[in-house]
Amino acid sequence: MNRETLVEIKNLSVDFSTAKGALHVLRDVSLSIPRNRVVGLVGESGSGKSTLALALLGLLPDNTGEVSGRIELDGENLLDVPPEELRRLRGGRIAMIFQDPMTSLNPVFSIGTQLVDAQRNRHPQLGRRELLKRADEMLKRVGISNPEARLAAYPHQLSGGMRQRVMIAMALLCEPDILIADEPTTALDVTIEAQIVRLLDDLRADFSGSIVLVSHSLGLISELCDEVAVMYAGKVVESAPTKILFGNPRHPYTLALLACEIDPEDEPGEALVTIKGGLPDLIDVPKGCIFAARCPSRFGKCVEEPPLCEVEAGHKSACWLA
Amino acid sequence: MGLLRRIWASPSGRLGMVATLLVILGGVAAPLIATHMPNQLDVAARLTPPSGAHWLGTDHLGRDLFSRALFGTRIAVGVALAVTATALVAGILLGVTAATAPPVIERTILAAFDIVSSFPSLILALALVAVLGPGLLNIIILVTVVFVPQFGRVARAQTLAVKERPFVEAERALGASGGRILAFHILPNIVGPIVVLASMNIPVVITLEAGLSFLGVGIRPPLASWGTMLFDGFTYLEQSVWPVLVAGGSLTLATLGFTLFGEALRDALDPKLRREP
């Protein structure tokens, strides 16, 4: 298996400054994103997966405090790149699909104008007519019928599913090396979700870049991803190729997440499985294993922090038991 | 065109539109319609009631009231448009700057807005006249100063709301620069409410200018202004009621027209009030 690395995240830590002190949103995250692969980031709300996606784009919020570590795109550390150059990378080498298609398009411009706009970083030499033609073809590719009419339409005239297709078309038109999809189906109903998943799956075949799929849905991740990283409280606790991770999970948190999936075989009225407790305080981070407080199989050694170690080829887990 | 049709659809909007059009047309075509020169004296016919020679009568110097009212429209509407346009542009500039600049600049701009709007507008205008002196250009400048804060505040509030909307971040993720986001994504999304505010502002400026001219610190005679006409008429009220009626009537027609038009415009632009055809 050819595992040429496109993005290498090394020991990335990100703090947000808050009134109560520094919030350690990402702590010592290391992750590699291979070329032409789909990597899933999964975890509960607040685990830092969206922050990791924003860090890749260089769009961390204004209240970001200290950032350390490296994000290497083809060996170049994105954290050192000057803002103006980083801006050119966005919409060129890196693009993003946002969560809510209902609000991610500018209401005052037509779809065509926005699709043309999206390509200007990638193809500054092309004129409006050529860019419109490319937009037209891309709309066809993402499964929008009658593209000429849609190009003239305004966002409010399209349905949610169609808008998400437009967002996907917009990101693909940038021909990015790396496409970040932040919960791309969360705001859609299930039938549309299935369509979008199928679309992403189809596009994967002829899309030349890597995709980072951020989601809390294990089903979506298992469907689309080659590799998965499970995040908890700002750390990657387990990472592996999808089949291995779902077949042989080695971290108690991954096991707990899998157990939380709703099983249709359950009797009605049966209590849903949850993980007891809540996320730890990320301002005053507890010592030792970050998951210990909620872990059913903790033991004496958990007062020390377990490193993320390879437990088998390509499979890493941060647990003393793994 | 859909917008004008929606304004036309409401009775008060129709009234406002007709009155506004009458006033604007009267001002634009004043030299063509006017039967006399606005400052032409006819001492033999002072303070006459309407007649064939003077359709709306004459004032205390025998000047034709109809013609003076028409030329007064130019002053009133001209000042109102100039003030509103300048205040709108300055307000947007300051408001958007306040919303996007570092806190020190934001606080300075907001403090300036607070100072200006803490005075009643007529009092502030009078104080500024005392500094700048009367005259057409000075009136435009000082009335603009009075009206900048309301545009600035709305522009700032709108910008703050729009810049947090997801499409702005989506745009940033596609590599748009800060200036581009301001010009292409924030501005078009904030102008709607500001334009409505501007249309409602026009009648307020018209009355303020007339008020200043009435008090003798605005437009200087012999320039025909409704405010000065009103004052002259007021002085000779016991001899003829016509000068006051003509000046007051013009003022009423213009302010009522612009107000109704502005309200209809606001309703027409509000999608929640829009009736589906």
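The numbers here are math on the coordinates, done by the rules we state, and not lab data. All figures in this text were calculated on a predicted structure; none of them were measured in a lab. Counting neighbours? That spans all protein chains shown, and the Cβs are built from the backbone with ideal geometry, glycine included.
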- line: The helix B:242-269 Cα axis meets the longest alpha-carbon principal axis of chain B at an angle in degrees, between 0 and 90 and rounded to 10, of 20 degrees
- prompt: What fraction of the DSSP beta bridges in chain A is antiparallel, stated in percent and rounded to the nearest 5?
  reply: 60 percent
field: Rule-of-thumb Rg ratio for region B:40-255 [Cα; 2.2 N^0.38 Å; N residues]
entry: 1.30
- prompt: Along the charge dipole of region B:40-255, which of B:PRO203, B:ILE92, B:TYR236 sits closest to the positive end, that is, farthest toward it, with unit charges on the beta carbon of Lys, Arg, Asp and Glu (+1, +1, -1, -1)?
  reply: B:ILE92
query: Which of the aspartates and glutamates could a cross-linker bridge to A:LYS133, judged by Cα under 14 Å and excluding same-chain residues fewer than eight apart?
result: A:ASP117, A:GLU148
- line: Stretched fully, the stretch from A:GLU261 through A:ASN11 gains (0.36 nm per residue minus C-alpha distance, one decimal, in nm) 86.9 nm
query: Which of A:ILE111, A:ILE211, A:ILE283 moves the most in a Gaussian network model of chain A with Cα springs under 10 Å?
result: A:ILE283
message: Restricting to Cα pairs below 8 Å that are 6+ residues apart, what does the relative contact order work out to for region B:40-255? Please round to a whole percent.
response: 28 percent
task: Choose one answer from B:PRO49, B:PRO222, B:PRO166: the residue with the largest mean-square fluctuation in a GNM of chain B with alpha-carbon springs under 10 Å.
output: B:PRO166
- prompt: Counting Lys and Arg as +1 and Asp and Glu as -1, each charge on the Cβ, what is the dipole of region B:40-255 about the Cα centre in debye, to the nearest 20?
  reply: 420 debye
- prompt: Taking the Cα centre of the protein assembly as shown as the origin, how large is its charge dipole in debye, to the nearest 20, when only Lys and Arg (+1) and Asp and Glu (-1) carry charge on their Cβ atoms?
  reply: 1700 debye
message: Which residue, A:ILE262, B:LEU212, B:THR58, has the largest displacement toward the positive end of the dipole of the protein assembly as shown when charges sit on each Cβ (Lys, Arg +1; Asp, Glu -1)?
response: B:THR58
message: With both bridge residues required to lie in region A:174-239, what share of the DSSP beta bridges run antiparallel, to the nearest 5%?
response: 45 percent
Residue with peak Gaussian network fluctuation, chain B [Cα springs, cutoff 10 Å], from B:PRO134, B:PRO149, B:PRO11: B:PRO11
- prompt: Given the C-alpha centroids of region B:6-40 and region B:62-83, what is the distance between them in whole angstrom?
  reply: 11 Å
- line: Each label sits 7 Å from Cα toward the beta-carbon; between A:SER297 and A:GLU270 the label points are separated, in nm, by 2.2 nm
- request: Multiply the residue gap between A:GLU85 and A:VAL108 by 0.36 nm, knock off their C-alpha separation, and tell me the result in nm, one decimal place.
  value: 5.4 nm
Antiparallel DSSP beta bridges within the protein assembly as shown, as percent of all bridges there, nearest 5: 60 percent
- line: Proxy exposure order for B:HIS60, B:HIS54 (fewest C-beta within 10 Å first) is B:HIS60, B:HIS54
- line: The farthest towards the positive end of the charge dipole of region B:40-255, of the residues B:GLY152, B:HIS185, B:LEU136, given +1 on Cβ of Lys and Arg and -1 on Cβ of Asp and Glu, is B:HIS185
field: Over chain A, relative contact order from alpha-carbon pairs under 8 Å, at least 6 apart, %
entry: 21 percent
task: Could you tell me which of the pairs A:LYS276/B:LYS163; A:LYS140/A:LYS243; A:LYS287/A:LYS316 are separated by over 30 angstrom between their Cα atoms in the structure shown?
output: A:LYS276/B:LYS163; A:LYS140/A:LYS243
field: Per-residue [θ]222 nm for chain A (sum of -39500 (n - 2.57) over DSSP H runs n ≥ 4, rounded to 500)
entry: -8500 deg cm²/dmol
message: To make sure I understand the rule: partners must be aspartates and glutamates, Cα under 13 Å from the Cα of A:LYS20, and not fewer than 8 residues away in the same chain. Which ones qualify?
response: A:ASP281, A:ASP284
task: Measure nothing fancy, just the Cα-based angle from helix A:128-141's long axis to the longest principal axis of chain A, in degrees from 0 to 90, nearest 10.
output: 50 degrees
task: Compute the relative contact order of region B:1-90 as a whole-number percentage, counting only Cα pairs closer than 8 Å that sit 6 or more residues apart in sequence.
output: 24 percent
task: Find how many whole Å separate the alpha carbon centroid of region A:10-78 from the alpha carbon centroid of region A:251-303.
output: 23 Å
